[in-house]
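Here the structure is laid out as structure tokens; the discussion comes afterwards.
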Amino acid sequence: AEPVLKVAYAGSMGALMDKALGPAIQQQAHVQYQGQGAGAYGLARLLAAKQISADVFVSITPGPMQVLQKAGLVGVAVPVASTQMVIAYSPQSRYAKDFEAAAAGRTPWYEVLQKPGVKFGRTDPKTDPQGRNIVFAMLLAQTYYKQPGLAKAILGPVVNPSQIFAEPSLLSRLESGQIDASSGYLSAVISHKLPYIRLPNEINLSDPNLAATWYDKAHFDITQPDGKTETLSTQPLVFYAAVLKNAPNPKAGEAFIKLMRSPQGQAMFKRYGYSEPKGGDLR
Amino acid sequence: MSRMPVTPLDSATTADIASHPPADGAARRAWVVAAFGLAGLAFLALPFLGLVISTPWGQLQLQQGDLGALRVSVGYTVLAVTLVMGFGTPVAWWLARSSFRGKWVVELLVLLPLLTPPLAMGLLLTMSYGPYSWLGQPLGKLGLSLTNTPAAFLLAQIYGSAPYYIVAARSAFEGVPRDLEQISLTLGSSPWRTFWRITLPLSSLGLGAGVALAWVRALGEFGIVLIIAYYPQGLPVKLWVNLQDTGLSAVYPLLWLFFLIGLPLPLLMGALSR
Amino acid sequence: MSRMPVTPLDSATTADIASHPPADGAARRAWVVAAFGLAGLAFLALPFLGLVISTPWGQLQLQQGDLGALRVSVGYTVLAVTLVMGFGTPVAWWLARSSFRGKWVVELLVLLPLLTPPLAMGLLLTMSYGPYSWLGQPLGKLGLSLTNTPAAFLLAQIYGSAPYYIVAARSAFEGVPRDLEQISLTLGSSPWRTFWRITLPLSSLGLGAGVALAWVRALGEFGIVLIIAYYPQGLPVKLWVNLQDTGLSAVYPLLWLFFLIGLPLPLLMGALSR
Amino acid sequence: MHIRADIQQPIVLQAEFEVHGFTVLLGASGEGKSTLLKAIAGLVPAQTEPFDGLPPQRRPVGYLPQGHALFPHLRAWENVAYALGGSLRAQQAPARELLAAVGLVRQADLRPAQLSGGQQQRVALARALARRPQILLLDEPTSALDASTRDEVMAELVSRMHKLSIPALAATHDAHLAAMADWMVLLDGRRVVQQGRPRDVFAGPATIQAAALLGYRNRFTATVLKHEPQCNCTVLRWDAAAISLRVPMQPQLAPGGVIDWVVPADDVRLPPIKEQELRPSENPVLGRVEHLMVRGANTTAAMRCGDALLWMHAPYRLADHHGLALGQELTVDIRAGHVQCWGREG
Amino acid sequence: MHIRADIQQPIVLQAEFEVHGFTVLLGASGEGKSTLLKAIAGLVPAQTEPFDGLPPQRRPVGYLPQGHALFPHLRAWENVAYALGGSLRAQQAPARELLAAVGLVRQADLRPAQLSGGQQQRVALARALARRPQILLLDEPTSALDASTRDEVMAELVSRMHKLSIPALAATHDAHLAAMADWMVLLDGRRVVQQGRPRDVFAGPATIQAAALLGYRNRFTATVLKHEPQCNCTVLRWDAAAISLRVPMQPQLAPGGVIDWVVPADDVRLPPIKEQELRPSENPVLGRVEHLMVRGANTTAAMRCGDALLWMHAPYRLADHHGLALGQELTVDIRAGHVQCWGREG
Ligand SMILES: [Mg+2]
Ligand SMILES: [Mg+2]
Ligand SMILES: [Mg+2]
């Protein structure tokens, strides 16, 4: 049988991995591709605790990758793609018309989200990068549009039980029309064929060049499990990949990273709604 | 002692006692079976032995919110099991005491939630009880939201545990002789008093086993809860959050806490039934 | 017809027949109970009704790999249930036929995997069978990897279904009169032949129910599988992957496929037991 | 008391009969005796008289099902107190009085499992009496009693019923119990075939099936040979034993027809007849003693006569005097007047 | 055949006795009769003679447990074929032959639930005989039989045993069955208290418990008043009835001591004694008839004598002649020679 290549990746990348990159590497490197997608932090913790094993780990934002670096399982991680925050909405929503208008730039999107009765969904800022990023995006929008209180008005408290859902169910919930709008990565929203509202670069966290000067102005506090308060800062929405030091099949892992960085791989990324890698290696 | 002649049957009896397999062959087989059984038990026990080995006993420390999760889990599980008993008992009694055409449909309905994988069950519940669903919308107008609310948490636990309770309670009721219920009626007791004073005490052990099972299933329910009630956070979701947040070290104390509150009821029921 | 005097007991009988509750009060209560039961049933049925409503019947289309997942699920579930029967039957038989001090420990061991939430069970299994664990490491050196392999998939299914089978099989065996087994021995049959020709046929309905339950549990097992055997992908994990990759529309056909293969066995067993 | 019941489910059964004092309803297994009692108690849907239309809890009947059906989780006194209604504790004193009335003062605190069959029955009786029933219904009252004490326990029960003067209807397949009754009702083919005082019924069963129910062991078939008006008798051919029998004239039987006949085991007579003294009313029967049982002053024997087995009872002294022994050849006498016949229909 | 069994678990029971032909082991419920049979069959751990140390499947015994225990999922012939070993189909012909030998040709294809109690017993017998056992063990063989056919079925079983000449040991609490036996063994207080031919055992029970087992209804206590050597008798005071009784001299009984005594119901004599003809061996007893049962040629009556109930059997003709009726006052005779006494220990 062909050797196995195990890829653990941030759950939002499922469509790209399973339908494009996976089949491609199977052909190229004559390996059997096995992808495992889940919350990036969850996967990183399981890998760090050696509860599961993988050859390649693909993380969104540096955070999960840094968990593995701290555990000594990863040396240098390379950027392979980037994405941006968008607001996805449900075409069945009774506010769909308003969202369409916002997507076309005719009305400010933040006003639509503040309409009474709009149900907004996001993921857990404690465990999921996306959950943190939507909070940053709203904080940035507050400054960008000079709308004090915007973040609070749309999101409520940082941990707002009426908005936070487990990651796997968020977009399905939107699809089945059980919420009106939700946070999302552009890439994932495209795979799910959902309509969305693009956000300006100053808000969508996609540009590492804006990190130092602009993104870093957004901070929020979160209570750590040990009870201490931690102040979080933005991390660029870049996908990093690395071969694990305890990879059962490091060669195939290297080949996979090479594929992702090749023009062929980048074309696939683009097809699935991702942008080009931004910023430097993660050490 | 000589074998006596079996006069009219001599021609018919062709079996010879000595033709039965020798005792040592049987003994060997008995050992093989016993070995299978013991291996099975050891196999079931292994992961728990592994847990005992792996647990860093020195540094077992609860995370922030763990006790809150404990409170949520215990509180709502008690409520969920009570509700399950409330509507599951009549259903079980009905299944035990009636026979009618199409009963299999009812049995199927009871089995369906048990059969559906939890993730799918969670999605199904979202489809029916979500804020914009055919059921959720009218309920929402009445002020009852069934997403990320205590009511949603209960809903998840109820769907996860009710079938187990109903199946157990049904066989408990089937074990109560109808004679005794009938005699109670003829003694002037109403069906209501008969149920409370005769049927219930006589099926109490079986019902207790059903309650214990429902307790365990509701307490441990994860897949459904994750989808429709991320909040309020009970122990299983907290386990998942701790894992992602902090890693495995934050899981051990919660796991032991879970066993500590989950096991006593089933163990008590086991002890009583002996 | 006049009431006859109950001569020596007149002073003792203080109860009056007329003091029993009137029939219409009882009827009202009966209706309340029936309403509870029917409400419970309707409640259990709702999400499935919702599924029927929500399913886009026109565009039910299987995703790539769905049939592969079906093959994996059915194939390994058959194998897992066979293995569970193989080691669970002796354990159940032992629990049914022996009584000894400390039996509760064995019962606890059987119940533990049923009690542990699936996610935690998955973690426990990696602690013991993971590639770097106390058991997984030596096993790995022997070439047996228990993560993301068919063996791991089986492992997850076995832990998820064995307790249910054992509990059901135990009570099936307890329902076989010992008299019949003993008479078989005195008729010259070995314990082995007795088991196969008497005990097994007489407990077959109960065992069948246990097999049906194990089948359903193993087929639907998600939490454990997700942690230790993301591959090979069976239906429940494929459901999850489809949900992540494509969305809800890719879940419906899989869910119906799942019911289609999961339900016949339990329904058949239900039909046979009547 | 006049009883009528019209049952459609689970079996079809119409019955109408009288209950006088302790009445035994005798029928084979499966005749629907239990169903009939349940119908009277309101436990089976049926039209009944009396109590028609009432739910079971409002019918003034005391029902004692087969096996007594004491509540196993309640003590003896609690079983009785339960029937008195209200809280058990409040009814403790009257419950204990009722138990005392059936002679169970000391057993009041025991659980059913700790009581003998007879004691259980008395608790069930006290419990049934607690509601001052107008009739007692007993289903197979002897079935849970030890063989060694059965007759005593039942005799005591019957005399207790007489003292209480509550009519009682006991369903059974045990003809022994019927012998103690004031009145008996025979159920056969899902209908009442005979009722009357036990002496009369035992002496003159209405059908061959009734005779079987009543415990007549000597039931045989025969062919009608001819009528002999000169001795006012009919001659039968007992085919199984290849013997001719003279019985009182039965003009309604056509020669050549098959009939059933019985003779009570008590009426098969020792000593053997001397041929020369034979009278037309005597039927000598030759056979070999195949079974012989002696208990106390009585002997029971069974003689093999061809393919048939003829049972007889005799006082031991008589049997001993004639040297009755296993394997012995013997001629006994069946008097014509003791034979009863029924023609077969169709 | 000599039987010995030493059981420690689940009860402690040592027993040693003979089995001759059809032997009945008579004992009350709970005496361990079933356990003893199981021990002989090897189903309960015990030291036994014969067959010691063999597993049950190697002991040449035919065991018929209570309720017959036919395999419900097998047809009658399959039940028998199962005991012949090997595949059922291969043994069909011999199995059917064995069934034919017990008269069940036509029932061979039926399931146990479709058979009557007596037919089930015959299938169980055929099945037990299939292995050519050296002894048959029957546990409560009458318990699953209808009262109306019990005696016939058992009589047939006993005569079948005699034909087969296989020794059989039947455990029962039913003294009726013992009357049919060739030999009987009495179990009381977990030990064998008496064994012998039924006639002898019934005539002379060894203890008061044995008398109870044997069905003696008239069991009473009395106080020894004095010995009267002149009439070679001992005088007792029957306290419950407030009557003095003369019984044959019992020198071992100390005056003032409490004793148990019995008199067979057959030996309580009508007609009433005329006072002037009273002999020392006669004990007139006055009472009131409380129960009266007539069945066929026999009458059973119970007389109330103070607190005691005295049972008597009499031929119907005699009872009729003396006008025996419920509530009638009556003096009967208990002859000294018919009374048996046992002193109480301690
Ligand atoms: Mg993610
Ligand atoms: Mg009945
Ligand atoms: Mg017994």
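A few remarks follow.
- Global form of the stretch E:100-242, assessed from the alpha-carbon gyration tensor, a/c cut-off 1.5: prolate
- Listed values for the stretch D:181-198 are Karplus-derived 3J(HN,Hα) couplings in whole Hz (6.51 cos²θ - 1.76 cosθ + 1.60, θ = phi - 60°), namely 7, 8, 8, 9, 10, 9, 10, 8, x, 6, 8, 7, 9, 6, 8, x, 6, x, and x replaces Gly and Pro.
- Percent RCO, i.e. relative contact order, over chain D, from Cα pairs under 8 Å lying at least 6 residues apart: 15
- Residue closest to axis [chain B; rotation mapping onto C; Cβ; Å]: B:GLY223, 3
- Residues whose amide H comes within less than 5 Å of that of C:VAL251, counting only those at least five positions distant or on another chain, are absent (H built at 1.01 Å from N in the peptide plane).
- Summed over the residues of chain A and divided among them, the accessible surface reaches 37 Å² per residue at a probe radius of 1.4 Å.
- Between helix B:150-174 and chain B: long-axis angle, C-alpha atoms, 0 to 90°, nearest 10: 20
- Cut-off 13 Å between beta-carbons: net charge of the residues surrounding A:GLN224, Lys and Arg +1, Asp and Glu -1: -2
- Working note: Karplus 6.51/-1.76/1.60 with θ = phi - 60° gives the stretch C:82-98 the couplings 4, 5, 4, 5, x, 9, x, 4, x, 4, 4, 5, 5, 5, 6, 9, 10 Hz, where Gly and Pro are set to x.
- For E:ASN232, label point 7 Å along C-beta direction: distances to other copies, nm: 5.5
- Between the stretch B:216-274 and the stretch E:165-216, the Cα center-to-center distance that results, in Å: 65
- Buried accessible surface for the A/C pair, both sides summed and rounded to the nearest 100, is 2000 Å² with a 1.4 Å probe.
- Per principal axis, descending, Cα span of the protein assembly as shown in whole Å: 141, 74, 73
- Among C:LEU60, C:LEU44, C:LEU111: highest mean-square fluctuation, GNM of chain C, C-alpha pairs under 10 Å: C:LEU44
- Reference-scaled alpha-carbon Rg (2.2 N^0.38 Å with N residues) for the stretch D:230-346: 1.11
- Paired Rg and Dmax values of the stretch C:203-274, which use every Cα atom, in angstrom: 14.5, 46
- DSSP-defined antiparallel bridges as percent of all bridges, the protein assembly as shown, nearest 5: 75
- Charge context of A:TYR9, other residues only, Cβ under 12 angstrom, K/R +1, D/E -1: -2
- Magnitude of the charge dipole, chain A, Cβ model with Lys/Arg +1 and Asp/Glu -1, debye to 20: 80
- Residues whose amide H lies under 5 Å from that of C:ALA229, counting only those 5 or more places away or on a different chain, are C:ASN148; hydrogens are built 1.01 Å from N in the peptide plane.
- Across the identical copies, how the D:ALA93 labels are spaced - nm, sorted shortest first, 7 Å along Cα→Cβ: 8.1
- Take the Cα radius of gyration of chain A and divide it by 2.2 N^0.38 Å, N being the number of residues; the result is 1.00.
- For the stretch D:50-63, the Karplus equation 6.51 cos²θ - 1.76 cosθ + 1.60, evaluated at θ = phi - 60°, returns couplings of x, 6, 4, x, 7, x, x, 6, 10, 8, x, 10, x, 10 Hz by residue, with Gly and Pro reported as x.
- When Rg and the Kirkwood radius Rh are both evaluated on Cα atoms of the stretch D:2-213, their ratio Rg/Rh stands at 0.97.
- Chain E: most fluctuating residue of E:ALA179, E:ALA242, E:ALA126 per GNM, C-alpha cutoff 10 Å: E:ALA242
- From helices alone, the protein assembly as shown scores -12500 deg cm²/dmol at 222 nm; the rule is -39500 (n - 2.57) for each run of n ≥ 4 DSSP H residues, then divide by the residue total.
- Cross-link reach is defined here as a Cα-Cα straight distance under 17 Å, omitting same-chain residues fewer than 8 places apart; for A:LYS97 the lysines meeting it are A:LYS115, A:LYS119.
- Solution diffusion estimate, µm²/s, Stokes-Einstein, chain B, Kirkwood Rh from C-alpha pairs, 25 °C, viscosity 0.890 mPa s: 108
- Surface analysis of chain D yields an accessible area of 39 Å² per residue, using protein heavy atoms and a 1.4 Å probe.
- Rounded percent of accessible protein surface that carbon and sulfur make up, chain D, 1.4 Å probe: 49
- Note on chain B: with a GNM built from Cα contacts shorter than 10 Å, the maximum mean-square fluctuation among B:PRO47, B:PRO118, B:PRO131 falls on B:PRO47.
- Qualifying lysines (Cα of each under 21 Å from Cα of A:LYS258; at least 8 residues distant if same chain): A:LYS6, A:LYS19, A:LYS245, A:LYS270, A:LYS278
- Interface burial in the stretch B:26-74, defined as at least 40 Å² less accessible area with all protein chains than with the chain alone at a 1.4 Å probe, covers B:ARG29, B:VAL33, B:PHE36, B:LEU41, B:PHE43, B:LEU44, B:LEU46, B:PRO47, B:PHE48, B:GLN64.
- The stretch C:115-274: C-alpha gyration tensor shape, a/c 1.5 cut-off, then a/b vs b/c: oblate
- Under-5 Å amide H pairs with E:VAL61, H placed in peptide plane, nonlocal only: E:GLN134
- Proximal aspartates and glutamates relative to E:LYS33, as straight alpha-carbon distance under 18 Å, when same-chain residues fewer than 8 apart are discounted: C:ASP179, D:ASP146, E:ASP6, E:GLU16, E:GLU18, E:GLU49, E:ASP139, E:GLU140, E:ASP174, E:ASP188
- With Cα atoms, 0 to 90° folded angle of helix C:252-262 axis to chain C main axis: 60
- Against chain B, whose longest principal axis is taken from its Cα atoms, helix B:103-115 shows a tilt of about 60°.
The values are calculated or read from the model by the stated rules, or taken from the named source; none is laboratory data. This one's a predicted model, so the numbers in the text were calculated from it and none came from an experiment. Cβ sites come from the backbone with ideal geometry, for glycine too, and all protein chains shown count toward neighbours. Side chains are part of the model used for accessible areas, which takes the heavy atoms of the whole protein and leaves out ligands, DNA and RNA. Shrake-Rupley method; radii C 1.70, N 1.55, O 1.52, S 1.80 Å.
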